[in-house]
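Student: My questions all concern the structure below.
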Amino acid sequence: MTEPTTDTVAAGKSTHLRMHSERLAELLERGVVDPDNFEMAVRESHKTGEELGRILVRLGFCEAEDVLQAMANSLGVEYMRLTGFQPPPTLRELVPARLAEHYGLLPISFLDGVLRVAVADPLDMHTFDELRRILNVEVEPVVASVEDIDKARNMYYGIGGATMMGLEEERQALGGDDDVIVDGNIDIDDELAAEDASIVRFVNQIIQEAFRDRATDIHVEPFEKDLRIRYRIDGMLYEAPIPPAIKRYQQAIISRVKIMADMNIAERRLPQDGKIKIRMHDKEYDLRVSTVPTPYGESCAIRILSRESELCTLDILGFSGRHQSIMREMISKPHGIVLITGPTGSGKSTTLYASLTEINKPERKIITIEDPIEYRIPGVTQIQVQPAIGLTFARVLRTLLRQDPDVIMVGETRDPETAKITIQTALTGHLVFSTLHTNDAPSAVTRLEDMGVEPFLIASSVEGVVAQRLVRLLCPDCKGAHKPDPLALAQVNVVREDTSAMTFYKPVGCESCRYTGFRGRTAVLEMVRINEPIRRAIVAGASATQIKGEAIKFGMRPIRWDGWEKVKKGSTTIDEVLRVTMEDEFSTEDDAAMLAQAQEAGTPQDK
């Protein structure tokens, strides 16, 4: 076989570019691209060798869809959007994953000896000739975008489908069979398997896909007959499409992650924690890795934290103007405790960071005690606890006052010792921020009492409590109007407003939100400022319900009320608010009437 010469390759490339230019001339006829801009792009294409269509899109002269549509029309072939498209399963045997990934295509259908494939460049005759030779079939192109093809191929073959196919071929070449599997894992040296190029590539693909999907967590979970990989996106878990053969390489995949996180791969009986530092899209990230033993192997969770994230402000977090005013008043106190409550993953730490950013001034010394340090704040001394060597929250707090701080942030008040030292720190003239795991703001008082803190100490030290949840924001590009279920509307509408003229929205799904209908999250809140009547109630041993009633008298808005406000603005849905708030957090009719009266009169908290 004669190798093509340099001149031949150059001539072929030149012909390819000229054909692109001719086909895209249709854009001029349709008035999509200005003639001067088109000529500028043509000159750039001749100078750089880059395809004309890519230049037109890169310079902002037209959309990628316009280029693909023009190409398809000029060639008389079909243009397809592959959203939600799933090829027949039988095509996996005809067109293996490695072949599809190598040529950047997706098989569409096979009928009467003709294979239809989605490609981004229908003029790439070399690819079609290769496919005819390899598969011994006729090939018919269909035009689609590179992004659509990549997404659809991942869904069809699974993430890393080509990589997994390569591993299977290597195993079979070595005479491997199912008998070498022990508890779903390959019975070979873990470290050697974890360093295999294919395993390394597969783990990298899992992480890259998480970044593409805006995931905050990656879960690798072993079960008896399969291995499941899920991504947490906007607080919800979504299962990733993966090749069926992945179970065979379960332990090698987990071992690779443990090697990256500098963990002991030989230890599978005990939980382990580690950290991976990576750089992606010119940003640095910390991946916090946790493994725990299960009957079917180790389960691995990876939390993705940006080391360079721009710290949020209160308004970006979803604090209304009223809530911002109350929060700023509480965090400006010279001493006392401000508590942020809510379940895991409700954004408590982010609110603490935003609060610290608000008061971070050169004249203040701020020290934080965290596990882990999620964001670096310039000008703030941050301490990472290390329980393995005895560096706990309580131990650091006991010695922290020698550092002469003005403000202290305790990442979590999780035990009686930490709670008592935190209270004592606030009583000695320091402003302390911390978090608690409670269902609502008033319950923070009874939670501290359960930890052994005397009611009079709570009343003397706590200045305010914020309870929060995170609801998903509707995608602004695709949300659609709808009529809500009357029962759900009655549950969330705590003030019983007339809703006949209101417009409500539902998630639809589009490319920008990965077809979930949601993009991003915002906080729904309730705030209690501890005033004199509430302090007296605490000292008298009032229950959380009694404290809640007292707080509502002074203008506390229940958490579902704040959710209702965001529903009215079209930011989220009724179902989202009901999903993240518990039934007992819904204010009763008496509470609603009391709240309405307080609003009409102008509450002390508002004045």
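Student: Select the strands (runs of 3 or more DSSP E) contained entirely in the stretch 234-303, then report the ones holding at least 1 residues which are touching a Gly at 6+ places or on another chain (Cβ under 9 Å). Give the derivation first.
Tutor: Values: elements: 236-239, 272-280, 283-294.
In the stretch 234-303, the matching strands (runs of 3 or more DSSP E) lie at 283-294.
Student: Report whether or not A118 is farther than 30 Å from T516 by Cβ, open to solvent by less than 60 Å² (accessible area, probe 1.4 Å) and either polar (S, T, N, Q) or touching a Leu at 6+ places or on another chain (Cβ under 9 Å) (or both).
Tutor: no
Student: If you don't mind, there's one more thing I want to ask. Could you grab the pairs with beta carbons closer than 7 Å, sequence gap of 6+ or different chains, first residue in the stretch 133-148 and buried (at least 16 other Cβ atoms within 10 Å of the Cβ), second one assigned to a helix (DSSP H, G or I) and among the small types (G, A, S)?
Tutor: Pairs that qualify, where the first residue is buried (at least 16 other Cβ atoms within 10 Å of the Cβ) and the partner is assigned to a helix (DSSP H, G or I) and among the small types (G, A, S), are V143/A72; S145/A64.
Student: On to the next question. With respect to A266, determine if the residue is surrounded by fewer than 15 Cβ atoms within 10 Å (Cβ to Cβ) and hydrophobic (A, V, I, L, M, F, W, C).
Tutor: Values: surrounded by fewer than 15 Cβ atoms within 10 Å (Cβ to Cβ): yes; hydrophobic (A, V, I, L, M, F, W, C): yes.
For A266, the condition - surrounded by fewer than 15 Cβ atoms within 10 Å (Cβ to Cβ) and hydrophobic (A, V, I, L, M, F, W, C) - is met.
Student: Another question about this same structure. Could you list all residues from the stretch 197-233 that are surrounded by fewer than 20 Cβ atoms within 10 Å (Cβ to Cβ), touching a residue at least 60 places away in the same chain (Cβ under 8 Å) and part of a loop (DSSP other than H, G, I, E, B)?
Tutor: Within the stretch 197-233, D213, R214, T216, F223, E224 qualify.
Residues are listed down the side, and each one gets a yes or a no for (1) closer than 15 Å to F433 by Cα; (2) touching a helix residue (DSSP H, G or I) at 6+ places or on another chain (Cβ under 6 Å); (3) in contact (Cβ under 8 Å) with a residue 24 or more places away in the chain:
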position: R376; (1), (2), (3): no, no, yes
position: Q382; (1), (2), (3): yes, no, no
position: P387; (1), (2), (3): no, no, no
position: L391; (1), (2), (3): no, no, no
position: T399; (1), (2), (3): no, no, no
position: Q403; (1), (2), (3): no, no, yes
position: E412; (1), (2), (3): yes, no, yes
position: E417; (1), (2), (3): no, yes, no
position: K420; (1), (2), (3): yes, no, yes
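Student: Would you please list the contacts, defined by Cβ atoms under 7 Å and residues six or more apart or on different chains, that run from a residue in the stretch 238-260 that is under 18 Å from G297 (Cα atoms) and in contact (Cβ under 8 Å) with a residue 60 or more places away in the chain to a residue that is in a helix (DSSP H, G or I) and among the small types (G, A, S)?
Tutor: Close Cβ pairs (under 7 Å, with a partner that is in a helix (DSSP H, G or I) and among the small types (G, A, S)) amount to A252/A193; A252/A194; S255/A193; S255/A194; R256/A194; I259/A194.
Student: Assuming K247 fulfils every condition listed in (1) open to solvent by less than 50 Å² (accessible area, probe 1.4 Å); (2) at pLDDT 90 or above; (3) more than 30 Å from S306 (Cβ to Cβ) apart from one, which condition is it?
Tutor: (2)
Student: Here's another thing I want to ask about it. Counting only residues that are part of a helix (DSSP H, G or I) and either open to solvent by 60 Å² or more (accessible area, probe 1.4 Å) or among the charged types (D, E, K, R) (or both), how many does the stretch 46-68 have? Give the steps one after another, and end with the answer.
Tutor: Restricting attention to the stretch 46-68, the residues satisfying the condition of being part of a helix (DSSP H, G or I) are 46-48, 52-58, 64-68.
After this cut, where a residue has to be either open to solvent by 60 Å² or more (accessible area, probe 1.4 Å) or among the charged types (D, E, K, R) (or both) as well, the list is 46-48, 54, 58, 65-66.
Looking only at that region, the number is 7.
Student: Further, regarding this structure: Enumerate the strands (runs of 3 or more DSSP E) found wholly within the stretch 101-163, keeping only those where 2 or more residues are acidic (D, E) and within 20 Å of P88 (Cα to Cα).
Tutor: Values: elements: 106-111, 114-119, 138-143.
Those strands (runs of 3 or more DSSP E) span 138-143.
Student: Here is a further query. Checking E239 against (1) exposed (fewer than 15 other Cβ atoms within 10 Å of the Cβ); (2) over 30 Å from V577 (Cβ atoms); (3) not aliphatic (A, V, I, L, M): exactly one of these is not met. Which one?
Tutor: Evaluating E239 over (1) exposed (fewer than 15 other Cβ atoms within 10 Å of the Cβ); (2) over 30 Å from V577 (Cβ atoms); (3) not aliphatic (A, V, I, L, M) leaves (2) as the failure.
Student: In the stretch 341-360, what residues are among the β-branched types (V, I, T) and within 13 Å of T313 (Cβ to Cβ)?
Tutor: Step one: filter the stretch 341-360 for residues among the β-branched types (V, I, T), giving 341, 344, 350-351, 357, 359.
Of everything in the stretch 341-360, those that are among the β-branched types (V, I, T) and within 13 Å of T313 (Cβ to Cβ) turn out to be T350, T351, T357, I359.
Student: Taking strands (runs of 3 or more DSSP E) that do not extend beyond the stretch 343-448, which have at least 2 residues that are more than 30 Å from V580 (Cα to Cα), open to solvent by 20 Å² or more (accessible area, probe 1.4 Å) and in contact with a Ser or Thr (Cβ under 9 Å, 6 or more places away or on another chain)? Give the steps one after another, and end with the answer.
Tutor: Numbers: elements: 366-370, 381-384, 407-410, 431-436.
Where strands (runs of 3 or more DSSP E) fall fully within the stretch 343-448 and carry at least 2 residues being more than 30 Å from V580 (Cα to Cα), open to solvent by 20 Å² or more (accessible area, probe 1.4 Å) and in contact with a Ser or Thr (Cβ under 9 Å, 6 or more places away or on another chain), they are 381-384.
Student: Okay, next question. Looking at the stretch 69-80 only, could you name the residues that are among the charged types (D, E, K, R) and in a strand (DSSP E or B)?
Tutor: First, pick out the residues of the stretch 69-80 that are among the charged types (D, E, K, R): 78.
If the condition is that a residue be among the charged types (D, E, K, R) and in a strand (DSSP E or B), then no residue fits.
Student: Determine, yes or no, whether P87 is in contact (Cβ under 8 Å) with a residue 12 or more places away in the chain, farther than 21 Å from D66 by Cα and buried (at least 18 other Cβ atoms within 10 Å of the Cβ).
Tutor: Taking the combined requirement at face value, the residue satisfies it.
Student: Could you grab me the full set of residues in the stretch 458-470 that are of a type outside the set (D, E, K, R) and crowded, with 19+ Cβ neighbours inside 10 Å? If you could, list the steps in order and put the result at the bottom.
Tutor: Pass one, the stretch 458-470, residues of a type outside the set (D, E, K, R): 458-462, 464-468, 470.
Those that are of a type outside the set (D, E, K, R) and crowded, with 19+ Cβ neighbours inside 10 Å: I458, S461, V462, G464, V465, V466, A467, Q468, L470.
Student: Another question, if that's okay. So which helices (runs of 4 or more DSSP H) stay within the stretch 471-570 end to end and still have 1 or more residues that are crowded, with 19+ Cβ neighbours inside 10 Å and of a type outside the set (A, V, I, L, M, F, W, C)?
Tutor: On the way: elements: 486-492, 532-539, 544-553, 559-568.
Helices (runs of 4 or more DSSP H) meeting the threshold: 544-553, 559-568.
Student: Just checking, which of R43, R23, R18 is assigned to a helix (DSSP H, G or I), at pLDDT 80 or above and more than 30 Å from Y156 (Cα to Cα)? Give the steps one after another, and end with the answer.
Tutor: On the way: R23 fails: at pLDDT 80 or above; R18 fails: at pLDDT 80 or above.
Within the list R43, R23, R18, the selection yields R43.
The values are calculated or read from the model by the stated rules, or taken from the named source; none is laboratory data. All values derive from a computational prediction rather than experimental measurement. Please note: Cβ atoms are built from the backbone with ideal geometry, for glycine as well, and neighbour counts cover all protein chains shown. Accessible surface is based on the protein model in full, side chains and every heavy atom, while ligands, DNA and RNA are left aside. Shrake-Rupley method; radii C 1.70, N 1.55, O 1.52, S 1.80 Å.
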